[in-house]
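Taking it in order: structure first as structure tokens, then the write-up.
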Amino acid sequence: MLVNDNEKRTLSLNLPSLITEGGTGGASVIIPGSMTTPLVVNLASSNPSKLTVPATVTIAAGNTASGFTITTLNDTIDDGDLAVFITASAATFSSASGPVTVRDNDPSYFEFANIGTQAPGVAFPVTINARSSGNDLVTAYTSTAVSSAPAIATSSKPARTS
């Protein structure tokens, strides 16, 4: 009796859609059926200066998936969000590829939050938010600033007109 394997030899990837620069995320490579021997899968990043993956991951015999960690590198360059492709390949299998967006965490500009109504001579808080070039709030950027303004002198004399 001849038994034919009916599973296609195709790899697939389960990837996070978004990781913030300087962070990590979990991913996995999947095969449609288990094997009797371990399968070594090669991994690659289309932009290793932004996102790295291990060179290989092994799916153990009898399993259909193996997890791995994606690491995004942190820089100080405001270069916006970027899609980086991860590719998985293995002998006798069709490869798989998919994007992960690396969200930039470097501020491009700052904005003042609404300060509301103020009373003369009374201090009030001001919130300044860091924003990326993609207009996303950069929550990892924190700093304290102290500012003051001189009091505006007022006069009880009416303005002189000519």
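The values are calculated or read from the model by the stated rules, or taken from the named source; none is laboratory data. Treat the numbers as computed from the prediction; the structure is a model and nothing was measured. Methodologically, a virtual Cβ is constructed for each residue, glycine included, from the backbone with ideal geometry; neighbour enumeration extends over all protein chains shown.
A few notes on this one:
- Picking from residues in segment 75-94 that are exposed (fewer than 15 other Cβ atoms within 10 Å of the Cβ) and polar (S, T, N, Q), the one that is nearest to Leu13 (Cα to Cα) is Ser94.
- Odd one out for Gly33 among (1) loosely packed, with under 14 Cβ neighbours inside 10 Å; (2) modelled with pLDDT of 95 or more; (3) more than 30 Å from Tyr109 (Cβ to Cβ): (2)
- Counting the residues of segment 97-145 that are under 22 Å from the mean Cα position of the chain (by Cα), part of a loop (DSSP other than H, G, I, E, B) and either touching a residue at least 40 places away in the same chain (Cβ under 8 Å) or farther than 27 Å from Ser49 by Cβ (or both) gives 8.
- Whether a residue is closer than 26 Å to Asp106 by Cβ and without any contact (Cβ under 8 Å) to a residue 12 or more places away in the chain was assessed, and Pro48 passes this test.
- Of all the numbered requirements in (1) modelled with pLDDT of 95 or more; (2) surrounded by 17 or more Cβ atoms within 10 Å (Cβ to Cβ), Glu21 misses one, and that requirement is (1).
- Scan of segment 48-63 for residues that are surrounded by 15 or more Cβ atoms within 10 Å (Cβ to Cβ) and either small (Gly, Ala, Ser) or not in a strand (DSSP E or B) (or both), ordered by number: Lys50, Val53
- Segment 72-96: number of residues that are outside any strand (DSSP E or B) and either on the phi < 0 side of the Ramachandran plot or in contact with a Ser or Thr (Cβ under 8 Å, 6 or more places away or on another chain) (or both): 13
- The test for being at pLDDT 95 or above and under 30 Å from Leu137 (Cα atoms) does not hold for Asn42.
- Residues satisfying the stated conditions in segment 59-100, i.e. of a type in the set (S, T, N, Q) and touching a Phe, Trp or Tyr at 6+ places or on another chain (Cβ under 6 Å): Ser97
- Among the conditions (1) at pLDDT below 85; (2) under 20 Å from Thr20 (Cβ atoms), the only one that Ile70 does not satisfy is (1).
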